[in-house]
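Here the structure comes first, spelled out in C-alpha cells, and everything after it is commentary.
Values in this text are rule-based calculations from the coordinates and carry no lab data. None of these values were measured; they are calculated from a predicted model. As a convention, Cβ positions derive from the backbone with ideal geometry for all residues, glycine included, and neighbour counts pool all protein chains shown.
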Amino acid sequence: MKVARTISEIRHELAARAPGSIGLVPTMGALHDGHLALLRAAREENDVVVMSLFVNPAQFAEDRDLARYPADEASDLERARAADVDLVFAPPRDEMYPPGFQTWVDVTELGSILEGRSRPGHFRGVATVVLKLFNVVRPTRAYFGQKDAQQVEVIRTVIRDLALEVELRVVPTVRDPDGLALSSRNALLSDEERRRALALSRALATRDREQALAELAAANGLDVDYVEVADFDPPVLAGAVRVGSTRLIDNVVLEGGTK
Ligand code: AMP
C-alpha cells in the first residue's frame, strides 16, 4: 500500500497502475467498521482501490468542531492496509486548498435544508472537496455511506448537474449490535452519552416522524435538531440530535432498498 501526500504523487501512482477500474472511498479518517464496509465493496468491484484520508476543514462550520474531530493516522493506515487498499491519498490542507483558493461547488437548494440548515456551508465544503477528489483520482466508482443520506443526495446531484463520469455506489449503514450507527464522532461520547445517544436510532426505527419525535422528547438529555422525512433516493426518515457537545445524525430508509 502506497501513501501519497500530493496530487502529483497520487496521479503518478495511478498512471503506473493504468488501465483498470478505480474505486475511490473518501474518508475523514478515524476509521470504523462503516468505512471498512465501503472499502470492502470497493475491493470487490475494482482493480485499484484508493482511499482518501482528509479532514476537510471547509465542511466544518465551527472551528471547535474541527479541532476536536478524532484523528489517528497511524491506526487508519494500519486498517487500510488490512482492508487491502492499494493507495491512500492523505494530503495536507494546502494541497487541497492552496493559498488563494476561491472556487466552490454549491448545491444550492438541497445543500441548504436539514443538515445544511444547521451547518451552513457544510455541503458546499463536501461538494467542493469531493469534486476535487474525483478530478484528482478519476475513479470509475466512488463509495459513500447511506449513513450520510443527504451527502449521498448532494453528490448524486453534483454528478448529474456537472455530467461527471463516475458511478456512485451507496453502502448500507453499519450499526453496533444495539442499533447505534457507527460514526467517528461516537469516540467523543462518554459511556453515559453513548447510552443516551441510542434513543436516536431507536426513535428512527419506528419509521414514523411523530412517534420518533415523541420518543426523543421522552428521552433524557438529548437536544433534538430535526426529525424529517426526506424525499431522497431512496426516501428516508432522517434525524439529528446533540448529546452533550457531540452532534449525531442517522436515518432509516423508508421504501425500496439502499441503491
Ligand atoms: P467520514 O469519514 O465520516 O466522512 O465517512 C466516510 C464515508 O463513510 C462516508 O461516505 C460515510 O457516509 C461513510 N460512513 C460513515 N459511517 C458509516 C456507517 N455507520 N455505515 C456506512 N457508512 C458509513
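The figures follow:
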| read-out | value |
| --- | --- |
| R196 vs. criteria assigned to a strand (DSSP E or B) and touching a strand residue (DSSP E or B) at 6+ places or on another chain (Cβ under 6 Å) | no |
| In the range 66-112, residue nearest to the chain's Cα centre (by Cα) [restricted to those that are free of Cβ contacts under 8 Å to residues at least 12 places away in the same chain and within 29 Å of A41 (Cβ to Cβ)] | L66 |
| Residue within the range 178-187 that is part of a loop (DSSP other than H, G, I, E, B) and either closer than 26 Å to A90 by Cβ or in contact with a strand residue (DSSP E or B) (Cβ under 7 Å, 6 or more places away or on another chain) (or both) present | yes |
| Residues of the range 26-51 satisfying the condition of being under 20 Å from A181 (Cβ atoms), within 10 Å of the ligand (Cβ to nearest atom) and not small (G, A, S) | P26, T27, M28, L31, H32, D33, H35, L36, L38, L39 |
| Unmet criterion (only one of (1) over 23 Å from D233 (Cα atoms); (2) of a type outside the set (G, A, S); (3) touching a helix residue (DSSP H, G or I) at 6+ places or on another chain (Cβ under 8 Å)) for P172 | (1) |
| Residue list for the range 113-129, restricted to those being among the charged types (D, E, K, R), more than 20 Å from A142 (Cα to Cα) and under 17 Å from the mean Cα position of the chain (by Cα) | E115, R119 |
| Residue among A163, A197, A217, A203 that is more than 23 Å from A30 (Cβ to Cβ), buried (at least 19 other Cβ atoms within 10 Å of the Cβ) and more than 17 Å from the chain's Cα centre (by Cα) | A203 |
| Leading residue by the ranking (surrounded by the fewest Cβ atoms within 10 Å (Cβ to Cβ)) among those in the range 1-55 that are out of contact with any Gly (no Cβ under 6 Å at 6 or more places or on another chain) and among the polar types (S, T, N, Q) | S8 |
| Residue ID - surrounded by the most Cβ atoms within 10 Å (Cβ to Cβ), chosen from residues in the range 220-259 that are more than 19 Å from the chain's Cα centre (by Cα) and of a type in the set (S, T, N, Q) | S245 |
| Residues within the range 166-183 that are more than 8 Å from the ligand (Cβ to nearest atom), over 25 Å from H12 (Cα atoms) and either more than 13 Å from the chain's Cα centre (by Cα) or not hydrophobic (A, V, I, L, M, F, W, C) (or both), tallied | 6 |
| Breaking point among (1) crowded, with 19+ Cβ neighbours inside 10 Å; (2) touching a Ser or Thr at 6+ places or on another chain (Cβ under 9 Å), for L77 | (2) |
| Only one of T140, T128 that is under 20 Å from V170 (Cα atoms), touching a residue at least 24 places away in the same chain (Cβ under 8 Å) and touching a Phe, Trp or Tyr at 6+ places or on another chain (Cβ under 6 Å) | T128 |
| I22 vs. criteria touching an Asp or Glu at 6+ places or on another chain (Cβ under 8 Å) and more than 9 Å from the ligand (Cβ to nearest atom) | yes |
| Subset of the range 180-194 that is within 23 Å of V152 (Cα to Cα) and among the hydroxyl-bearing types (S, T, Y) - its residue that is surrounded by the fewest Cβ atoms within 10 Å (Cβ to Cβ) | S184 |
| Cross-chain or 6+ apart pairs with Cβ under 9 Å, the range 158-186 first and touching a residue at least 24 places away in the same chain (Cβ under 8 Å), then within 8 Å of the ligand (Cβ to nearest atom) and among the aromatic types (F, W, Y) | L168/Y143; L168/F144; R169/Y143; R169/F144; V170/Y143; V170/F144; V171/Y143; V171/F144 |
| Subset of the range 106-151 that is farther than 23 Å from P91 by Cα and polar (S, T, N, Q) - its residue that is farthest from the ligand (Cβ to nearest atom) | T108 |
